[in-house]
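One structure is given here, and the rest of the page talks about it.
The values are calculated or read from the model by the stated rules, or taken from the named source; none is laboratory data. Remember, predicted model here, so these are calculated numbers, not experimental data. Note: ideal-geometry Cβ built from the backbone for every residue, glycine included; neighbour counts use all protein chains shown.
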Amino acid sequence: AGAGGRRPPPRRATGDETPAAVAEETSRRPCDLVILGHASKEGVKLAEEVISAGHHHLLLVPPGASGRAPERWLICVAVGEPGKADVSFAGRLARHLRAEATILTVLPPKIFDFRIMPDFGAGQTVLQDAYIEGRFSPAFRVRAGKFKPPVGLERLQSGADLLFVERALPTNLVPNRDLGVQIAGDFGGGVASYQIGVFNGVVDGGIADADTNSEKDVAARLFFQPFVQGSGPLKNLGFGIAGTSGNQSGTPAAPGLPSYRSPGQATVFAYRSDGTAPNTTIADGRHVRIVPQAYLYSGRFGLLAEYASSRQDVTRGAESRELDHRSWQAAASWVITGGVPTYRSVDPKVVFDPAAHTWGAWEVKVRVSKLDVDPATFPVFANPATAIRSEQAVAVGLNWYLNRNVRLLFDYERTTYDGGFTTGDREDEKIFFSRFQIQF
């Protein structure tokens, strides 16, 4: 019933306690609209049509606690932002139905938005993201400020959604954050998307808050999800290609070149540098990255793969060369029980609740990644006694999703090296990672 209108008496169905629960709880907390008995997709679509011009939020409650994707949803629509009364209402109704309720806020369309994300980790304060975005249509958005350039597939994932605690080796070769302006858009409901922008330019894996020279980088990405509008096993198949191109120049005091790290965050590769022109390798010309990428999430299975090539012109003294460093990764996962994998982490269908004998979602995972430094780098531009020629990492692990907000990650990763030590190969790195994560 509409606000202020008369609510019809509930229709009770034999063997279904949902109508009675709805009648009891809506008598204590009125809603503007209740949609019951519709399939989830049609129900959400109808609710969106009803409130498209309003300022509301939806309460989504799948009936029952079977752990499977529900065939029906109860959708309650209320005016305004969710408050304490709405959260309490959601909790009571969810307990009635032995289900997990979700409140989804639906606001009137707004053109401009912003994001500010500080990071206080490792005893430092870093401003990771700070940008404003104008959403003029699904096919045309403009973003300006500091953010992730549209390049690495795993880098573009939120840190809270990563399959492993640390990103794989290809992340060494793609930019982290940069200052710039970008346009982006989606076509066909996400079937195709594009991003293209102009940035100051950072070194591989770099993050910067200021420009150090007059050169700029162009970054672009095309990504396709051809079956995203369907419902088959390839619905969550995505693939595309990204890249950057620009000129970078360094000096002996600021070479403009990266160092590369191991999964344990140890520096395993660096160019020659002692602050003098004869003995310091500097960036000196074109820098081009090419990054093909893909993922597939089907049923309980997930797969993510990407390849990165970073070609950089460098100079040391009278020697100049274009160096091409390359890296790749393939990561697979299998949700044992309780959830469905996606690019944005696992969506747990049951929560950790010992009283109800439900234990959340469990996921096993494996990943292989490798980074190869261009052989022409040695010995002129890097010291083979301290800088590796290649590294290969193999990781396995287990993730436990207690609910949508809490998860635990356990990883074991072993990395082997070619070179990087005075008498041969750098010692293998063997590391165990764990993370307890609360996201809200």
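Numbers below:
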item: Candidate set: the stretch 177-209, residues that are assigned to a loop (DSSP other than H, G, I, E, B) and under 30 Å from residue 234 (Cα atoms); chosen: the one modelled with the highest pLDDT; result: 191
item: Extreme residue, nearest to the chain's Cα centre (by Cα), among residues of the stretch 338-378 that are in a strand (DSSP E or B) and of a type in the set (S, T, N, Q); result: 345
item: Qualifying residues in the stretch 290-305 (those that are in contact with a Pro (Cβ under 8 Å, 6 or more places away or on another chain) and not small (Gly, Ala, Ser)) - the one nearest to residue 170 (Cα to Cα); result: 291
item: Answer from 242, 220 - the residue that is surrounded by fewer than 18 Cβ atoms within 10 Å (Cβ to Cβ), modelled with pLDDT of 95 or more and within 20 Å of the chain's Cα centre (by Cα); result: 220
item: All positions within the stretch 108-163 that are surrounded by 12 or more Cβ atoms within 10 Å (Cβ to Cβ), in a helix (DSSP H, G or I) and without any contact (Cβ under 8 Å) to a residue 12 or more places away in the chain; result: 156, 159
item: Selected residue (criterion: nearest to residue 439 (Cα to Cα)) from residues of the stretch 347-382 that are among the acidic types (Asp, Glu) and touching a residue at least 12 places away in the same chain (Cβ under 8 Å); result: 347
item: Residue in the stretch 415-440 that is nearest to residue 383 (Cα to Cα), counting only those that are surrounded by 13 or more Cβ atoms within 10 Å (Cβ to Cβ) and among the hydroxyl-bearing types (Ser, Thr, Tyr); result: 417
item: Residue list for the stretch 306-317, filter: more than 16 Å from residue 373 (Cβ to Cβ), in contact with a Pro (Cβ under 9 Å, 6 or more places away or on another chain) and not charged (D, E, K, R); result: 317
item: For residue 344: the one exception among (1) closer than 24 Å to residue 154 by Cα; (2) surrounded by fewer than 21 Cβ atoms within 10 Å (Cβ to Cβ); (3) touching a residue at least 60 places away in the same chain (Cβ under 8 Å); (4) out of contact with any helix residue (DSSP H, G or I) (no Cβ under 6 Å at 6 or more places or on another chain); result: (4)
item: Qualifying positions in the stretch 316-330 - surrounded by 21 or more Cβ atoms within 10 Å (Cβ to Cβ) and either modelled with pLDDT under 90 or touching a Phe, Trp or Tyr at 6+ places or on another chain (Cβ under 7 Å) (or both); result: 316
item: Residues satisfying the stated conditions in the stretch 273-282, i.e. modelled with pLDDT under 95 and either under 34 Å from the mean Cα position of the chain (by Cα) or at positive phi (or both); result: 275
item: Condition met for residue 217 (among the acidic types (Asp, Glu) and under 18 Å from residue 180 (Cα atoms)); result: yes
item: From the options 248, 225, 229, residue that is among the polar types (S, T, N, Q) and either within 19 Å of residue 314 (Cβ to Cβ) or out of contact with any Gly (no Cβ under 6 Å at 6 or more places or on another chain) (or both); result: 248
item: Residue 204 vs. criteria under 22 Å from residue 309 (Cα atoms), buried (at least 17 other Cβ atoms within 10 Å of the Cβ), of a type outside the set (Phe, Trp, Tyr) and out of contact with any Phe, Trp or Tyr (no Cβ under 7 Å at 6 or more places or on another chain); result: yes
item: Residue within the stretch 189-198 that is crowded, with 24+ Cβ neighbours inside 10 Å and either in contact with a Leu (Cβ under 7 Å, 6 or more places away or on another chain) or touching a residue at least 60 places away in the same chain (Cβ under 8 Å) (or both) present; result: no
item: Test result for residue 281, over 19 Å from residue 318 (Cα atoms), out of contact with any Cys (no Cβ under 7 Å at 6 or more places or on another chain) and not aliphatic (A, V, I, L, M); result: no
item: Qualifying residue in the stretch 298-316 (condition: assigned to a loop (DSSP other than H, G, I, E, B) and at positive phi); result: yes
item: Given (1) within 24 Å of residue 212 (Cβ to Cβ); (2) touching a helix residue (DSSP H, G or I) at 6+ places or on another chain (Cβ under 7 Å), index of the condition residue 306 fails; result: (1)
